[in-house]
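Colleague: What follows is a structure written as structure tokens; I'll ask about it next.
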Amino acid sequence: MTFKRIVFFDGHCQLCNRFLNFLILLDRKRNLHFASLQGKTSQEILSEEERSLHDSLIFWEEGKLTYKSYAALKAVASLGGVWKGVLMFRLVPSSLLDAFYDLVARNRFKWFGRRESCRMPTKEEAKYLLP
């Protein structure tokens, strides 16, 4: 199986799961696949060090990895159309974007809660969720 784009996310993070739901809902072209950092796919593709970054969203595109704020921007931009406009945020220094990202990441369980299980995907959505 080959994939062009995979969004790796913390499966226990409520905010991450909401972001995932947003991407699934708007990814009409089905450009994206999704995998938990705790899952089998991440073990096969990512190094142990990369998998340990549970506070970071990781965007994998044809073998190239991006992290944190840029990963989120690239995931949204891959939806196409007007969503590509989010890349204008790359004009903001990455140190500032990542500082904000890190602030939210440090507080994500306190602010948004922790998930012990995920919602059941539809049959269509399940095609894009990797083990």
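Colleague: Taking the Cα centre of the chain as origin, work out the dipole magnitude from +1 charges on Lys and Arg Cβ and -1 charges on Asp and Glu Cβ, in debye rounded to 20. It would help to have the intermediate numbers written out before the result.
Modeller: Working: 21 positive and 14 negative charges, 101 e Å.
Roughly 480 debye for the chain.
Colleague: List, in order, the whole-Hz ³J(HN,Hα) value for each residue of the stretch 35-40 obtained from phi through the Karplus relation with A = 6.51, B = -1.76, C = 1.60 and θ = phi - 60°; use x for Gly and Pro.
Modeller: Computed from phi, the couplings for the stretch 35-40 are 8, 6, 5, 8, x, 5 Hz.
Colleague: Over the chain, what is the relative contact order in whole percent, taking alpha-carbon pairs under 8 Å and six or more residues apart? Let's see the in-between values first.
Modeller: Working: 172 pairs, mean separation 44.8, N = 131.
It rounds to 34 percent for the chain.
Colleague: Let me ask another. Once you've got the Cα coordinates, tell me which of Lys4/Lys84; Lys64/Lys110; Lys4/Lys123 are over 26 Å apart. List each step's numbers first, then the result.
Modeller: Working: Lys4/Lys84 17 Å; Lys64/Lys110 31 Å; Lys4/Lys123 21 Å.
Cα-Cα > 26 Å for Lys64/Lys110; rest within.
Colleague: Ranked by Cβ crowding within 10 angstrom, fewest neighbours first, how are Trp83, Trp111, Trp60 ordered? Intermediate values should be presented prior to the final figure.
Modeller: Working: Trp83 16, Trp111 10, Trp60 23.
Starting with the residue having the fewest Cβ neighbours, the order is Trp111, Trp83, Trp60.
Colleague: Subtract the Cα-Cα distance of Met88 and Arg30 from 0.36 nm times their separation in residues, and report this length gain in nm to one decimal.
Modeller: Stretched out fully, the Met88 to Arg30 stretch lengthens by 18.6 nm.
Colleague: Across the stretch 28-34, in residue order, what do the Karplus-derived ³J(HN,Hα) couplings come to in whole Hz, using 6.51 cos²θ - 1.76 cosθ + 1.60 with θ = phi - 60° and x for Gly and Pro?
Modeller: Result, ordered by residue: 5, 7, 6, 7, 10, 10, 9 Hz.
Colleague: A follow-up question, please. Using the number of other C-beta atoms within 10 angstrom as an exposure proxy, rank Thr41, Thr2, Thr122, Thr66 with the fewest first.
Modeller: Thr2, Thr122, Thr66, Thr41
Colleague: Moving to a separate point now. Under 14 Å from a point placed 7 Å out from the Cα of Lys64 along the Cα-to-Cβ direction: which residues of the stretch 89-107 have their backbone N that close?
Modeller: The answer is none, because no backbone nitrogen lies closer than 14 Å to the label point.
Colleague: For labels at Glu48 and Gln14 in the simple 7 Å Cα→Cβ model, what's the distance in nm?
Modeller: Going by the 7 Å Cα→Cβ label model, 3.3 nm.
Colleague: Using a 10 angstrom Cβ neighbour count of at most 14 plus a DSSP loop assignment to flag exposed trypsin sites (Lys or Arg not before Pro), which longest range of the chain is free of such sites?
Modeller: Counting only loop sites that pass the neighbour cut-off, the longest clear stretch is 31-118.
All of the numbers you see were taken from the coordinates with simple rules; none came from a lab. On a predicted model such as this, the values are computed, not experimentally measured, just so you know. So basically every Cβ, Gly included, is an ideal-geometry build from the backbone, and we count neighbours across all protein chains shown.
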